[in-house]
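Note sheet for the following structure.
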């Protein structure tokens with residue numbers, strides 16, 4: 001069964017996309033175009049709608065191949081298509097970040113990293129090293145897990161910063177639960193690194209916590225003076 005078979009003209013995603021462009025398609029229609037076919041007794045738009053009932057586009061493309069295969073109507077090929085679409089989206093977001101490495105505000109930093117970290121299942125802590133014009137020199141993944149389980153060493157942070165000749169650094173990490181509110185440990189680490197940065201003359205410009213498509217800047221929150 002093709003994506004448009006048995007659908008009225010105003011519901012055919014291919015025809016709508018061709019006539020008006022992909023921006024007019026809703027999420028189910030976009031998925032239907034990608035999937036191309038439905039399953040027995042079900043067209044592709046219906047299948048896409050059933051998928052979206054399980055989560056949004058990000059949730060679906062981050063499912064494992066095995067979990068996708070358990071969904072009725074999703075075989076090996078469709079599962080691989082969905083996984084590849086998600087990977088393409090993440091690579092495009094990463095490429096954009098590398099091409100536009102100006103990180104002169106909390107908004108800009110959060111925008112560049114949000115797609116990668118907003119739905120990450122594990123906590124990741126990054127050190128961003130900036131030059132005097134707030135352009136990204138280098139990023140280093142400092143830890144996986146949680147800040148509590150893997151305390152950050154000021155020596156590690158600023159040795160890395162000096163190795164890349166950074167003029168300032170930003171600490172960045174995500175909260176997998178979705179709430180970006182800083183923990184007591186987040187605040188403690190921020191204060192320790194800020195003092196260490198003053199000693200080596202490499203200031204901690206900010207500490208940003210990413211949640212589910214939201215963020216908190218500890219500088220804007222008043223933790224950093």
For this session: Return a yes/no flag: does the stretch 63-77 have any residue that is within 30 Å of residue 140 (Cβ to Cβ) and either surrounded by fewer than 19 Cβ atoms within 10 Å (Cβ to Cβ) or in contact with a strand residue (DSSP E or B) (Cβ under 6 Å, 6 or more places away or on another chain) (or both).
Result: yes
Exercise. Residue 213 versus (1) buried (at least 16 other Cβ atoms within 10 Å of the Cβ); (2) within 23 Å of residue 112 (Cα to Cα): which is the lone unmet condition?
Worked result: (1)
Exercise. In the stretch 57-85, what residues are within 27 Å of residue 112 (Cβ to Cβ), in contact (Cβ under 8 Å) with a residue 12 or more places away in the chain and outside any loop (DSSP other than H, G, I, E, B)?
Worked result: 57, 58, 59, 60, 61, 82, 83, 85
Problem set entry | Single condition residue 180 does not satisfy, out of (1) in a strand (DSSP E or B); (2) surrounded by 15 or more Cβ atoms within 10 Å (Cβ to Cβ) | (1)
Problem set entry | Only listed residue being outside any helix (DSSP H, G or I), assigned by TED's automatic domain parsing to the domain that holds residue 104 and within 17 Å of the chain's Cα centre (by Cα), chosen from 172, 152, 142, 137 | 172
For this session: With the checklist (1) farther than 25 Å from residue 176 by Cα; (2) surrounded by fewer than 16 Cβ atoms within 10 Å (Cβ to Cβ); (3) at pLDDT below 85 in hand, flag the one item residue 7 doesn't pass.
Result: (2)
Seminar exercise, completed: Checked 88, 54 against criteria (assigned to a helix (DSSP H, G or I) and outside the structural domain of residue 169 (by TED's automatic domain parsing)); the one match is 88
Problem set entry | Candidate set: the stretch 10-51, residues that are part of a loop (DSSP other than H, G, I, E, B) and modelled with pLDDT of 85 or more; chosen: the one farthest from residue 86 (Cα to Cα) | 43
Problem set entry | Some residue of the stretch 184-199 being in contact with a strand residue (DSSP E or B) (Cβ under 7 Å, 6 or more places away or on another chain) and assigned to a loop (DSSP other than H, G, I, E, B) | no
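The values are calculated or read from the model by the stated rules, or taken from the named source; none is laboratory data. Given the structure is predicted, the values throughout are model-derived calculations rather than measurements. Note that each Cβ is placed from the backbone with ideal geometry, even for glycine, and that neighbours are counted across all protein chains shown.
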